Amino acid sequence: MAAAVAEAAVPAPAKANGAGAGAGCCAAKGPGYATPREAMEKGPREGLLYVTCVYNGTGIDKPDYLATVDVDPSSATYSQVIHRLPATHIGDELHHSGWNACSSCHGDPSTSRRFLILPSLLSGRVYVVDTAKDPRAPALHKVVQAEDIAEKTGLGFPHTSHCLATGDIMISCLGDKEGNAAGNGFLLLDSEFNVKGRWEKPGHSPLFGYDFWYQPRHKTMISSSWGAPAAFRTGFDLQHVQDGLYGRHLHVYDWPGGELKQTLDLGSTGLLPLEVRFLHDPSKDTGYVGCALTSNMVRFFKTADGSWSHEVAISIEPLKVRNWMLPEMPGLITDFVISLDDRYLYLVNWLHGDIRQYNIEDPTKPVLAGQVFVGGLLQKGGDVVYVTDDDKEEQYAVPQVKGHRLRGGPQMIQLSLDGKRVYVTNSLFSRWDEQFYGPDLLKKGSHMLQIDVDTEKGGLSVNPDFFVDFGTEPEGPSLAHEMRYPGGDCTSDIWI
């Protein structure tokens, strides 16, 4: 697509109803829902999923793309990719995504959930996609170029995108354009997707960047810390952890002021803290962060004196293994979601291969309620085995789905508004996919599964009729990452 077209801004039409404008919104209200409970009880069943798909690092010299997947069981194209929107350049590494507006803008009837924001982790570009004209076939609206971002803010490696009640877009950036963690911070785009500058006050950048979530009633934003882009973009090296190139901190900011108030050192139990979420109830002052390398879910919470503290809430023990690069294998928690009623937490262990469901009605004492294996390095038929306490070699039974052996491990998950379905993809980051899963994932491509949830008694089961195979894509096998519903979901909407 010509650069001039890519850069052009499409005139904004009148507000539209239906999926493109945020399905389920009240007529006189803005996007999303008044409360998490309303979203859970009145939100429509999802019919489409937008999925970021990557060719970067696979050996296929094509642009990454946004896939539209049909998840409506009554549709003739159920469980299929029905549209592909390619990026304008090769080598982006599309990763996470977010909306221009969500439930934080529910009180503003002039706003609509229309544009999907696609930060490119490696190239630094930010794509803006219009989903309103045709939700089944989104169109490119604008490209914010990396050079413009770097020139005005010094930032690079954009990752998590959240909308703000002001209409601005805030994107965490993991470093400067050279990949140094010291240059990281938070990018602000205005409602027309022009670069405004940095969000945080000068001198208040975090030690490392990654994810963030804000809880306005407590005037707090908390961000997590993956590592220096110069380190992680070349693959994982344990020495880099010892060298201090990966994070173990949470950063507590004044919201919306941008002043860094407190840094929580998670220590040896909190290495590589990635996804961070508050409980959805905006009155709550607690949440969780998934620490990948140590495979702990750490709970953070406000104390009586107004400061913030933390404790390990869930611990996934490493397994003794044979035929692998190390004698012990961590679960590697790379993603989690919380149901909109704050009752259940779902997490993935990318290396062990399981998805877990925990009851968190008491946030201090999560209780395992369900578990299902959908891949991983320890599945039967593979080379790697885990060793039991009595020195027996074992592997996990992983079901085939529609005749397919499951590849890779569960990596990104998304939960339906009603909490009854979990969708899961299996790509983490192309270089790490290659390092940990090799050609089985890179050359055969990703897939997407649907996990059925028992929301009454707890429990998870694989839907045998749902399998999206990104290994059969027209341009060749691709790597699928984050998923979004047109009407909002459990990881994009924040309530104020």
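Points worth noting:
- Accessible area (Å², 1.4 Å probe, nearest 10) - S112: 20
- Cross-link partners for K380 among the aspartates and glutamates, with Cα-Cα distance under 15 Å and sequence neighbours closer than 8 places in the same chain left out: D354, E393, E394, D440.
- Convex hull volume of the C-alpha atoms in the stretch 30-157, normalised per residue: 133 Å³.
- Restraint check, K177/K219; K152/K261; K42/K420, Cα-Cα greater than 23 Å: K177/K219; K152/K261
- Helix-derived mean residue ellipticity, 222 nm - over the chain, DSSP H n ≥ 4, -39500 (n - 2.57), to 500: -2000 deg cm²/dmol
- Rg/Rh for the chain stands at 0.93; both radii use Cα atoms, and Rh follows the Kirkwood definition.
- One quarter of the surface of the convex hull around the alpha-carbon atoms of the stretch 197-250 equals 4.8 nm², the direction-averaged projected area.
- Summarising the label geometry, the points placed 7 Å from Cα in the beta-carbon direction at E311 and D391 lie 4.0 nm from one another.
- Taking Cα centre as origin and charging only the Cβ of basic (Lys, Arg, +1) and acidic (Asp, Glu, -1) residues, the dipole magnitude of the chain rounds to 720 debye.
- Inter-part distance where the stretch 424-496 and the stretch 354-418 are each reduced to a Cα centre, Å: 14
- Per-pair calculated FRET efficiency, R0 = 45 Å: T234 and D465 via Cβ, rounded to 0.05: 0.65
- Range of Cα positions in the stretch 245-382 per principal axis (Å), largest first: 52, 36, 22
- For the stretch 161-300, the dipole from Cβ point charges (+1 on Lys and Arg, -1 on Asp and Glu) about the Cα centre works out to 240 debye, to the nearest 20.
- Positive-end residue, the chain charge dipole about Cα centroid, Cβ charges, pick of L121, P36, H251: P36
- Taking the chain and dividing mean pair separation by its residue count, relative contact order in percent (alpha carbons under 8 Å, at least six apart): 13
- The stretch 116-131 versus the stretch 181-245: alpha-carbon centroid distance in Å: 17
- Each listed q (0.18, 0.22 Å⁻¹) maps to a log10 I(q)/I(0) for the stretch 328-465, found by the Debye formula over equal Cα scatterers with no solvent: -1.01, -1.35.
- Measuring only protein heavy atoms, the 1.4 Å probe finds K261 accessible over about 130 Å².
- Residues L368 and R322, FRET efficiency given R0 of 25 Å [Cβ-Cβ distance, rounded to 0.05]: 0.40
- Each Lys or Arg adds one and each Asp or Glu takes one away; over the other residues whose Cβ falls under 14 Å from the Cβ of R45, this sums to -4.
The values are calculated or read from the model by the stated rules, or taken from the named source; none is laboratory data. All values derive from a computational prediction rather than experimental measurement. So basically every Cβ, Gly included, is an ideal-geometry build from the backbone, and we count neighbours across all protein chains shown. We work out accessible area using only protein heavy atoms, side chains counted, and drop any ligands, DNA or RNA first. Shrake-Rupley method; radii C 1.70, N 1.55, O 1.52, S 1.80 Å.
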